Protein chains: 2
Amino acid sequence: MSEFDDATYVADDGATSIHDGWDIGGNANGGYLMALAAAGLRRVAGRPDPVSITAHYLSPGRPGPAAVTGDVVKAGRRFTTVQGRLESIGDDGERRTVIQVLGTFGDLASNAASDFVAMNGAPPDLPPWEQCVPRESNGAVPVAMMDRLRVRLHPDHAGWVRGERAGVAEMAGWFGFADGRPLDTLSLLLVADALPPAVFNIDIPPGWVPTVEMTVHVRAVPAPGPVRCVFRTRFVHGGMLEEDGEVWDSTGTLVALSRQLALLPR
Amino acid sequence: MSEFDDATYVADDGATSIHDGWDIGGNANGGYLMALAAAGLRRVAGRPDPVSITAHYLSPGRPGPAAVTGDVVKAGRRFTTVQGRLESIGDDGERRTVIQVLGTFGDLASNAASDFVAMNGAPPDLPPWEQCVPRESNGAVPVAMMDRLRVRLHPDHAGWVRGERAGVAEMAGWFGFADGRPLDTLSLLLVADALPPAVFNIDIPPGWVPTVEMTVHVRAVPAPGPVRCVFRTRFVHGGMLEEDGEVWDSTGTLVALSRQLALLPR
């Protein structure tokens, strides 16, 4: 079993655990938490692909016992909408909601959709894999998750590690699993939050940038091979910022769009 | 009482109604439905501003009796997260979920936020109000809502009414209320879905473009005066499209970002 499948395993009754090793400085990554919740909720839905899924981040995801619970809001001909939550379970049995989720699930592979295509955009202009900069786990803030991933950043976007910010809030890179697990629609939720924040490339105040909410649209099932992704923040004001992501597969198909609302340090 | 306040009135017990006259060809507008749900849910939250709110659209909003119900998922120091729904109530008392909602509410006016600002974007380049094209209610598909609004489209984006599509999926315009009601954060949810779909300006297959999901980030309380907004679709494929919106107030402040996932006709 791949590391990601192991870390997103949810039993039939919703029992699961937030796995160690998918964190940033001790707090589980937001994309990992969304994928974990979606692994449970897509079973509730009875449909495999999170076509549109929103999570609100309510408390830190610390490793340990957890549960995914939810219910069907509507089962339609093409989509099923579910609401639910991922809760952590303390030593005393107390449950605490880590993320609250609302999602609509479908079956993208078997869906007889319109074949009309109009694209105003293309995959990010990334140098080949070999020329991009590996994202390591052992920086100033340990990013344990990077031992499990093969993330390589655009050389122009990787200088912030040395204090050299690109000056534009953009972060592009390659993403794959270290153990070679193929990408599917569930893992795209992890991809949506797996790169360093785009605002690390502008001169924001130092500190943590917590996610309030993230929404991912999964637009297609990814083809084999690593994906290219790019994240951009255009508007930082009022103590808030958005980060918009695009994920493109090896055939040049847009497979996911993401947007999150995050907070600036106060 | 203004028309919008009347149409979004929710009693303490959640009783409300989907008002006639906020529809497009008989179905209530998606932004109006979100605002109606938010009017009830922000009372549940005890905080006025929908900082991030997501609705999944499950059945058409037909005029008549309705109810907004929900509960607090987490009340924090700065934000309160609620989940809930807007249900229509049939003649036989049967309830049907129109939209399911997940939202985080705050108090933007009194919030002591970071004053750091970094903007990579500006309000849409709109001609003055007088030179923009009024959006009327009496087109091929009657848009009753337009009797209540003062929407004026960019002249370059208004030709689709005559079959002259701009060729780029963009729709920009001015928005205000016909009765002069000032804009607040609740009404920004209506703004987020009040212009014709941006894809009307490209050569998409004819037919209805139903919303699956819409998320709005309210970033600031709007200043007095009409707002300028722009909606763009970049990616149409697999039978789906996203529409991204920006809303800017009269002082040039970005007050809301929106994104919706919609379906192409099959």
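Number of residues in segment A:64-84 that are within 11 Å of chain B (Cβ to nearest Cβ), crowded, with 24+ Cβ neighbours inside 10 Å and over 20 Å from B:Gln260 (Cα atoms): the value is 1.
For A:Val101, are the conditions met, namely being buried (at least 24 other Cβ atoms within 10 Å of the Cβ), in contact with a Ser or Thr (Cβ under 9 Å, 6 or more places away or on another chain) and either aliphatic (A, V, I, L, M) or modelled with pLDDT under 95 (or both)? For A:Val101, the condition - buried (at least 24 other Cβ atoms within 10 Å of the Cβ), in contact with a Ser or Thr (Cβ under 9 Å, 6 or more places away or on another chain) and either aliphatic (A, V, I, L, M) or modelled with pLDDT under 95 (or both) - is met.
Would you check which residues across segment A:90-100 are touching a residue at least 40 places away in the same chain (Cβ under 8 Å) and at the interface with chain B (Cβ under 7 Å from one of its Cβ atoms) and list them? The one that is touching a residue at least 40 places away in the same chain (Cβ under 8 Å) and at the interface with chain B (Cβ under 7 Å from one of its Cβ atoms): A:Gln100. Of the set (1) free of Cβ contacts under 8 Å to residues at least 60 places away in the same chain; (2) loosely packed, with under 14 Cβ neighbours inside 10 Å; (3) within 11 Å of chain B (Cβ to nearest Cβ), all apply to A:Gly121 but (1).
Name the residue, out of B:Glu242, B:Glu246, that is in contact with a His (Cβ under 7 Å, 6 or more places away or on another chain) and charged (D, E, K, R).
Only one candidate qualifies: B:Glu242.
Residues being among the aromatic types (Phe, Trp, Tyr) and within 14 Å of chain B (Cβ to nearest Cβ) are entirely absent from segment A:23-46. When each of B:Gly40, B:Gly26, B:Gly30, B:Gly61 is tested for being among the small types (Gly, Ala, Ser) and on the phi > 0 side of the Ramachandran plot, the lone residue that passes is B:Gly26.
A:Gly103 meets the conditions (1) in contact with a strand residue (DSSP E or B) (Cβ under 7 Å, 6 or more places away or on another chain); (2) more than 10 Å from chain B (Cβ to nearest Cβ) in every case but one. The failed one is (2). Tallying residues that are under 15 Å from the mean Cα position of the chain (by Cα), more than 10 Å from chain A (Cβ to nearest Cβ) and of a type in the set (A, V, I, L, M, F, W, C) within segment B:217-266 yields 8. Residues that are within 9 Å of chain A (Cβ to nearest Cβ) and out of contact with any Leu (no Cβ under 9 Å at 6 or more places or on another chain) within segment B:48-63 comprise B:Leu58, B:Ser59, listed in sequence order.
Note on segment A:159-198: residues that are within 12 Å of the chain's Cα centre (by Cα) and of a type in the set (Val, Ile, Thr) total 2.
The values are calculated or read from the model by the stated rules, or taken from the named source; none is laboratory data. The shown structure was predicted, so the numbers you read here are calculated from the model rather than taken from an experiment. Here Cβ is always computed from backbone atoms with ideal geometry, including for glycine, and neighbour counts include all displayed protein chains.
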